[in-house]
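Read the figures in this text as sums done on the coordinates, not as results from a lab. All values reported here derive from a predicted model rather than from experimental measurement. Please note: Cβ atoms are built from the backbone with ideal geometry, for glycine as well, and neighbour counts cover all protein chains shown.
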Amino acid sequence: MVRWHRLAFVPLICFTFVFAETGEQRAARHLESIRNSPPLLLAFLRDMPKGGDLHNHLAGAIYAESFISYAVKDNLCVDRTTGQVLPAPCQSCEATSSKPAANCAYSDQGLYNFLIDAWSMRNSTLRHVSGHDHFFATFDRFFPAEINHTGEEIAEAAARAAADHLQYLELMITGVGIRSAEVGAKNGWDDDFAKMRDKLLAGGLKDVTAATRDQLTKDWDVAQQTLNCRTAKADPGCNVAVRFLYQVLRGFPREQVFAQILLGFELAQSDPRFVGLNLVMPEDWYVPMHDFDLHMRMIDYLHGVYPNVHITLHAGELTMGLVPPEGLRFHIRESVQKGHAERIGHGVSVMYEDKPIELMQDLAKKNVLVEICLTSNDLILGVSGPKHPLQTYRKYGVPVALATDDQGVSRSDMTQEYVRAASAYPLTYPDLKNMARQSIAHSFLPGKSLWADAKSFRRNGACALDNPAGDRASASCQTFLKGNERANEQWKLERAFAEFEAKTQ
């Protein structure tokens, strides 16, 4: 007979296991607690490490206030009606002067405000012109003021990146490399790409390559001086790793575009400061649309000659109505399949492409990252919130990273890109951290990655047992990091995350 009454007096012992909250979990919990408080969200995301900015046009990164100062330094004038920067001689500062000196803006607040609005997207909703048209018109207006100040622009971009807790920049520049277009025009077109390459190299392109490299050296020295690098008063921007992408102006005639693309490959192969190339100018303009396939064939040929040069391409910066429907169906796919793009800039029109789900699955399989530019996609294309494909890319496992595009023209910065992302989408702290990590993982820095698996972020064996928050990495890890620039920047990011999460309440 079972004596149940004996069991009734057996005491029940409960064990409570308390697991310590990790820094990442604490940061994630904090983000959720402040998601609906814009001021607190801003403060949190301002301090969050953000890795790198992979899609940043240097000229577009500069705020209009700086362009005014450049125009004043160069004794330039401005058109009071259009905002166009003009050469001297200038007229007086009288309100009736149509061509006052740029320095008149310092004593005429109306003119000052007008120039900032003409050279950026500030107050763009008050104009009788689309955001798209006004955005791209700004560059021609301020161009004469910025062409001689690349070094100061690099300094501004680096300083702002540091303030945004970015550690790496890939800046798109053209500079004196535009002379390659002149070489292309002089040598003319040839359907035989190999013959045309030989003619260009023999006809002046090597000189342009050398001149572009020399000019970058001078501009870099100016940037370092501007930031007071290697002095006791060094700006934090001195610690930002900066590399360059040669940007090709694809709206030019075909022989000039080929010459520019060739220059980009030559620079990236011969100068470690140039880590790749990109094609720029509005994708919807006539030549970029009409010659798109031709441009991809040019890159395809040159990729065969220079197989180790990295390529990122603007593709899909389009939306319904901007171009005919058939113009939306293939740009992203061809940029990867024919243009050998390792990254895609924008990719907004992906769902208008033929078989878009298959395309995204292919992007995920090939590990092609999409550079997501939320602010400019909103201002230029009117695509934001649920209409933007950011979450669709993530759904299908396509790696993504936030980017600023033209933060000066857009009057934004990388923190605002993160604020937009966290406000518009249910992105967790690990999601945002993933994007920052992907930005360095998909950078064009040389060397191996810190990650043996970029999806689970499992570290490479050499550093697998090391703690980024620790005082010192093991000898084997230090040797690995020293020999691989990309892994070294990734290690810096992990250390920055550890420090940030340790401070999060």
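Between the DSSP loop rule and a limit of at most 14 other Cβ atoms within 10 Å, which GluC sites (Glu not before Pro) in segment 15-102 are left?
Sparse-neighbourhood loop GluC sites (Glu not before Pro): Glu21, Glu94.
Say R0 is 25 Å: what FRET efficiency, to the nearest 0.05, do Ser384 and Ala43 get from their beta-carbon distance?
The calculated FRET efficiency here is 0.60.
Could you list Ser97, Ser376 so that the one with the fewest beta carbons within 10 Å of its beta carbon is first and the one with the most is last?
Ser97, Ser376
If you average the C-alpha positions of segment 60-122 and of segment 304-329 separately, how far apart do those two centres end up, in angstrom?
Cα centroid of segment 60-122 versus Cα centroid of segment 304-329: 35 Å apart.
So how much slack lies between His290 and Met351, counting 0.36 nm per residue of separation and subtracting their Cα-Cα distance, in nm?
Length difference between fully extended and current span is 19.8 nm.
Please give the residues of segment 33-68, grouped as numeric ranges, whose backbone N is less than 17 Å from a label point set 7 Å along the Cα-to-Cβ vector of Gln505.
The answer is 33-48, whose backbone nitrogens lie closer than 17 Å to the label point.
Residue by residue through segment 264-270, what is 3J(HN,Hα) from phi via Karplus (6.51 cos²θ - 1.76 cosθ + 1.60, θ = phi - 60°)? Round to whole Hz and write x for glycine and proline.
x, 5, 4, 5, 5, 7, 9
Can you give the convex hull volume of the alpha carbon atoms of segment 150-446 per residue, in Å³?
About 125 Å³ per residue, rounded to a whole number.
If neighbour count is taken as other Cβ atoms inside 10 Å, put Leu126, Leu41, Leu381 in order from fewest to most.
Sorted ascending by nearby Cβ count, the order is Leu126, Leu41, Leu381.
Show which lysines lie in cross-link reach of Lys448 when reach means a straight Cα distance below 29 angstrom and same-chain residues fewer than eight apart are skipped.
Lys50, Lys338, Lys365, Lys366, Lys395, Lys433, Lys482, Lys492
Which far-off residues, 5 or more places away or on another chain, put their amide H under 5 Å from the one on Val400, with H placed in the peptide plane?
Residues meeting the criterion, in which the H sits 1.01 Å from N, are Val370.
Assign unit charges at the C-beta atoms only (+1 for Lys and Arg, -1 for Asp and Glu), then state the dipole size of segment 64-130 relative to its Cα centre in Debye, rounded to the nearest 20.
Taking the Cα centre of segment 64-130 as origin, the dipole is about 120 debye.
Given 0.36 nm per residue, what is the gain on full extension from Lys365 to Asp453 after removing their alpha carbon distance, in nm?
This chain segment gains 30.3 nm when fully extended.
Could you work out how far apart the two model spin labels at Thr96 and Glu182 are, taking each label as a point 7 Å from the Cα in the direction of the beta carbon, and quote it in nm?
Calculated label separation equals 4.2 nm.
Can you give the percent of C-alpha pairs in segment 24-170 whose distance is more than 22 Å?
Across segment 24-170, Cα pairs with separations above 22 Å total 53 percent.
Give the order of Val183, Val305 when sorted by the count of other beta carbons within 10 angstrom, beginning with the fewest.
Listing Val183, Val305 from fewest to most nearby Cβ atoms yields Val305, Val183.
Quick one: divide the alpha-carbon radius of gyration of the chain by 2.2 N^0.38 Å and tell me what you get.
In units of the 2.2 N^0.38 Å rule of thumb, it is 1.09.
Identify the residues of segment 44-84 with backbone N under 14 Å of a label point that sits 7 angstrom from the Cα of Val129 along the Cα-to-Cβ direction, or state none.
Taking a point 7 Å out along Cα→Cβ of Val129, the residues of segment 44-84 whose backbone N falls under 14 Å are 79-84.
Within segment 212-256, list the residues whose amide N lies under 19 Å from a label point set 7 Å along Cα→Cβ of Phe139.
It comes to 244-256, nothing else.
Quick check: residue separation of Ala194 and Ala211 times 0.36 nm, minus the Cα distance between them. What number comes out in nm?
Length gained, Ala194 through Ala211: 3.8 nm.
Apply the Karplus curve 6.51 cos²θ - 1.76 cosθ + 1.60, θ = phi - 60°, to the phi angles in segment 316-329 and return the couplings in whole Hz, x for Gly and Pro.
Per-residue couplings from phi come out as x, 7, 9, 7, 4, x, 6, 9, x, x, 5, x, 9, 8 Hz.
Taking H as built 1.01 Å from N, whose amide H comes closer than 5 Å to the amide H of Trp451, not counting residues under 5 places away?
Asn460
Using the beta-carbon distance between Asn228 and Ser107 and R0 = 25 Å, what value does 1/(1 + (r/R0)^6) give for FRET efficiency, to the nearest 0.05?
After rounding to 0.05, the efficiency reads 0.25.
Take peptides 138-148, 316-326 and line them up by average Cβ neighbours within 10 Å, highest first, as a rough protection proxy.
Highest to lowest by the protection proxy: 138-148, 316-326.
With a Förster radius of 35 Å, plug the Cβ-Cβ distance of Arg495 and Ser33 into 1/(1 + (r/R0)^6) and report the FRET value to the nearest 0.05.
That pair, Arg495 with Ser33, gives E of 0.85.
Give the distance, in whole Å, between the Cα centre of segment 134-206 and the Cα centre of segment 420-497.
Computed from Cα coordinates, the inter-centre distance equals 31 Å.
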